[in-house]
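Below you'll find the structure, written out as structure tokens, and then a few comments.
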2 protein chains.
Amino acid sequence: MTAFSEKDILFMREALKLANAAKGKTFPNPAVGAVIVSEGKIVGKGATQVYGGPHAEKIALKDAGSKANGATLYVTLEPCCHYGRTPPCTDAIVAAGIKKVVLSVKDPNPLVAGRGIRQLRSMGIIVNSGLLRKDALELNEDFFFSIVAKRAWVTLKLALTLDGMIADESGGSKWITGEKARLCVQEQRRIHAAIAVGKSTLNHDNPQLTIRHKSGYNPARIIFSSSKEIPRNTYFFQHRNETRSIVVISGGIPWTISRESGIEYWYTGEADEKVQLTTFLKMAFAQNIPSIFIEGGQIVASKFLENGLVNRLHLFYGQKILGGGKKSFAFKKGMPINNSIILNNTRHQILDGDILVSGTPEIVST
Amino acid sequence: MTAFSEKDILFMREALKLANAAKGKTFPNPAVGAVIVSEGKIVGKGATQVYGGPHAEKIALKDAGSKANGATLYVTLEPCCHYGRTPPCTDAIVAAGIKKVVLSVKDPNPLVAGRGIRQLRSMGIIVNSGLLRKDALELNEDFFFSIVAKRAWVTLKLALTLDGMIADESGGSKWITGEKARLCVQEQRRIHAAIAVGKSTLNHDNPQLTIRHKSGYNPARIIFSSSKEIPRNTYFFQHRNETRSIVVISGGIPWTISRESGIEYWYTGEADEKVQLTTFLKMAFAQNIPSIFIEGGQIVASKFLENGLVNRLHLFYGQKILGGGKKSFAFKKGMPINNSIILNNTRHQILDGDILVSGTPEIVST
């Protein structure tokens, strides 16, 4: 285990910050940040550009210019060593005269997976790996998961009352949580490749599924439906040309995609629910959508959770109690207390009195 | 506003600690702690004894003996100045030669209400009030409320899954939360004058309603029922002589109490629900039970909350999701999102991954 200095941590934090700002713009690539340090000072910065554009390392090297000679590169992911849409970063690092590379995490992409590190070392460059590894892993957890599982990562979010309702008896849900929690949802939208809701949420709430707090992010919009019918007066339909607009239809021939007047229709087949949902997630991965942020409603949320297809769950609790209304989850059959879904690795955040409980769900017998 | 030193705070914390340990043993009296300090050192300590026994100040004075002469008394509540079951504390303080009294909060009891302070001052004793006032108020919030409202304070507790269920579909609820949360419930039981559940909880869970983590506390046990029938094989029935065992019956002639083979039967009348519940709470206050810890089930919890009779709500969330089961609250009619119950003054505590959300519920239009 390499010992890292406080300065090392500081520089890597800067690289992570750059990566985080790029997150949401680089799909299906991971978001990477790079910082070049010469004589204790940052002389170059870079982050992954939109798909097909240069990687973080190359931007940083260009930014540093001749100062990269003899300098140290801090990068949040192992540099690539293969020809993809861009030439390998390892070549550029060597050519620029970088002496030392500090990186957070190895690339799980089977085309890289440690080869980048070995190549750099074979060229006489010092490589230290593992700095702020956990942060770097989490930043691209969708990427790391999807590239191995070959299906899209799913984050599920619901806003619920303290008694677990997502709407009152007449369907009202504005607002269960306060502004701070809602801003947190915007941030979640920003870092995902697509935002998805069920057809009944579309009909009831007519959501925009847009990012309103920052510009330059443009996730795809997905509606789960049993048919092709999408009301023309919805925001989704009227703004269908602003981004990829997808209607996922349970039925038809699986893996079929048809395009009509700006909307993609994805068919997931007639098979059982879990097969259908898995087909959809694999289609999404193949279609360069490695992560999906699902915002309900009850039916969609329940289906994905019940079938073990939610990678991360965010439950935002407001401070209200309704004593009735629409339940957050309604599984086909409620689970017994000793064989339920357990939220692992839970984290809690207080947002102006609202609470965000996050974790990784798992079906467990106790 | 008097300025207090760090030493003052330290001594009052000690007095609060003594009061807290006494809490649960002193009903219907408030739990008070007292510390006597001479030349910077604690020379006497005391806490309220069981009802009818001496007050905290007198115990501390006795503990200090002659060292009380010229010393400072730290006490968490204004000393009493009236003859109750014991002679006034103010007299004892003056007689012992105490020079200065530092206290947290004035006694809201109309028989005292500042008169204790005035009496001490008139005898030439320096009195500083308001140190750690908030903590002292909360410690006896039940007492301060009930003595003014003339009805018992209600704390309602439920343990729920993340989707708001208090049991699975077959009624299983063992265990929704972990050990740390359950210990926290034991602590809540300890500081209340009575523990109450509904008849169906009695039938289903056969709870002991005892304090198992500390000895010397003996809250009354209350069952809400529509009839006198109590199954003989329940812990409640079999251990009815260990403490006051009360069955509250909706019906009969209000304010009637009958006693049969160790059980008190309290009748709250045939009037509407809110009147019945209020009658019960007033009866409890009159019967020297100024605080009640209600632990469910759904019907009882919903009734008290819906009718605005819950003073403090504790919601313990485990880390499970059931996707069905028994809802935490089922009001007669679910409230609309803009006219719901809001939990004010919320506080959050993480207990080994479980979360405790506490607050004061209020029906609010937003």
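The values are calculated or read from the model by the stated rules, or taken from the named source; none is laboratory data. Since this is a predicted model, take the numbers as computed values, not measurements. With ideal geometry, Cβ positions are generated from the backbone for all residues, glycine too; neighbour counts draw on all protein chains shown.
Tabulated values for the structure
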quantity: Matching helices (runs of 4 or more DSSP H) fully within the stretch B:93-194 where at least 3 residues are within 14 Å of chain A (Cβ to nearest Cβ) and at pLDDT 95 or above; calculated: B:179-190
quantity: Exclusive hit being touching a strand residue (DSSP E or B) at 6+ places or on another chain (Cβ under 6 Å) and surrounded by fewer than 21 Cβ atoms within 10 Å (Cβ to Cβ), set A:K157, A:K174, A:K150, A:K180; calculated: A:K180
quantity: Single match in A:I294, A:I350 (criterion: touching a Leu at 6+ places or on another chain (Cβ under 9 Å) and touching a residue at least 12 places away in the same chain (Cβ under 8 Å)); calculated: A:I294
quantity: A:Q208 vs. criteria more than 14 Å from chain B (Cβ to nearest Cβ), closer than 14 Å to A:L156 by Cα and not in a strand (DSSP E or B); calculated: no
quantity: Residue check for B:T256: at pLDDT 95 or above and more than 14 Å from chain A (Cβ to nearest Cβ); calculated: yes
quantity: Residue within the stretch B:324-339 that is surrounded by fewer than 22 Cβ atoms within 10 Å (Cβ to Cβ) and among the polar types (S, T, N, Q) present; calculated: yes
quantity: Residue check for A:G172: within 27 Å of A:I350 (Cβ to Cβ) and either touching a Cys at 6+ places or on another chain (Cβ under 6 Å) or free of Cβ contacts under 8 Å to residues at least 24 places away in the same chain (or both); calculated: yes
quantity: Breaking point among (1) surrounded by 17 or more Cβ atoms within 10 Å (Cβ to Cβ); (2) under 28 Å from B:K25 (Cβ atoms), for B:K199; calculated: (2)
quantity: Residue within the stretch A:281-300 that is more than 21 Å from A:A149 (Cα to Cα) and within 11 Å of chain B (Cβ to nearest Cβ) present; calculated: yes
quantity: Whichever residue in the stretch B:330-366 is more than 22 Å from A:G325 (Cβ to Cβ) and either in a loop (DSSP other than H, G, I, E, B) or over 25 Å from the mean Cα position of the chain (by Cα) (or both) and, among such residues, is nearest to the other protein chains (Cβ to nearest Cβ); calculated: B:G353
quantity: Residues within the stretch A:29-40 that are surrounded by fewer than 21 Cβ atoms within 10 Å (Cβ to Cβ) and part of a strand (DSSP E or B), tallied; calculated: 1
quantity: Candidate set from the stretch A:41-84 (those that are closer than 18 Å to A:N109 by Cα and of a type in the set (G, A, S)); member that is surrounded by the most Cβ atoms within 10 Å (Cβ to Cβ); calculated: A:A56
quantity: Residue list for the stretch B:1-28, filter: over 27 Å from the mean Cα position of the chain (by Cα), in a loop (DSSP other than H, G, I, E, B) and free of Cβ contacts under 8 Å to residues at least 40 places away in the same chain; calculated: B:A3, B:S5
quantity: Subset of the stretch A:306-329 (residues that are more than 7 Å from chain B (Cβ to nearest Cβ) and over 17 Å from A:K174 (Cα atoms)); calculated: A:N307, A:G308, A:L309, A:V310, A:N311, A:R312, A:L313, A:H314
quantity: Filtered residues of the stretch A:279-326 (kept if part of a helix (DSSP H, G or I) and within 18 Å of the chain's Cα centre (by Cα)); calculated: A:F280, A:L281, A:K282, A:M283, A:A284, A:F285, A:A286, A:A301, A:F304, A:L305
quantity: Filtered residues of the stretch A:231-278 (kept if farther than 20 Å from A:Q208 by Cβ and in a loop (DSSP other than H, G, I, E, B)); calculated: A:S250, A:G251, A:G252, A:I253, A:P254, A:W255, A:T268, A:G269, A:E270, A:A271, A:D272
quantity: Residue check for B:C89: modelled with pLDDT under 90, surrounded by fewer than 24 Cβ atoms within 10 Å (Cβ to Cβ) and either hydrophobic (A, V, I, L, M, F, W, C) or touching a Cys at 6+ places or on another chain (Cβ under 8 Å) (or both); calculated: no
quantity: Residue satisfying all of: in the stretch B:213-230; without any contact (Cβ under 8 Å) to a residue 60 or more places away in the chain and of a type in the set (S, T, Y); nearest to B:A181 (Cα to Cα) among these; calculated: B:S215
quantity: Tally, over the stretch B:214-248, of residues that are loosely packed, with under 14 Cβ neighbours inside 10 Å, among the polar types (S, T, N, Q) and more than 23 Å from B:C184 (Cα to Cα); calculated: 5
quantity: Those residues of the stretch B:74-92 which are under 18 Å from B:A15 (Cα atoms) and assigned to a loop (DSSP other than H, G, I, E, B), in sequence order; calculated: B:T76, B:L77, B:E78, B:P79, B:C80
quantity: Residue pairs meeting the criteria (Cβ under 9 Å; at least 6 apart or on separate chains; first closer than 14 Å to A:R312 by Cα and among the charged types (D, E, K, R), in the stretch A:135-151; second assigned to a loop (DSSP other than H, G, I, E, B) and modelled with pLDDT of 95 or more); calculated: A:E141/A:N311; A:D142/A:A152; A:D142/A:I191; A:D142/A:H192; A:D142/A:A193; A:D142/A:P290; A:D142/A:N311
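Here is a yes/no grid of residues against (1) touching a His at 6+ places or on another chain (Cβ under 7 Å); (2) among the polar types (S, T, N, Q):
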{"site": "B:L183", "(1), (2)": "yes, no"}
{"site": "B:R189", "(1), (2)": "no, no"}
{"site": "B:H192", "(1), (2)": "no, no"}
{"site": "B:A196", "(1), (2)": "no, no"}
{"site": "B:K199", "(1), (2)": "no, no"}
{"site": "B:T210", "(1), (2)": "no, yes"}
{"site": "B:P219", "(1), (2)": "yes, no"}
{"site": "B:S225", "(1), (2)": "no, yes"}
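This table checks each residue for (1) surrounded by 20 or more Cβ atoms within 10 Å (Cβ to Cβ); (2) closer than 28 Å to A:K180 by Cα; (3) assigned by the TED database to the domain that holds A:V247; (4) touching a Lys or Arg at 6+ places or on another chain (Cβ under 8 Å).
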residue: A:A271; (1), (2), (3), (4): no, no, yes, no
residue: A:T278; (1), (2), (3), (4): no, no, yes, yes
residue: A:L281; (1), (2), (3), (4): yes, no, yes, yes
residue: A:S291; (1), (2), (3), (4): yes, yes, yes, no
residue: A:V300; (1), (2), (3), (4): yes, yes, yes, no
residue: A:N307; (1), (2), (3), (4): no, no, yes, yes
residue: A:H314; (1), (2), (3), (4): yes, yes, yes, yes
residue: A:Y317; (1), (2), (3), (4): yes, yes, yes, no
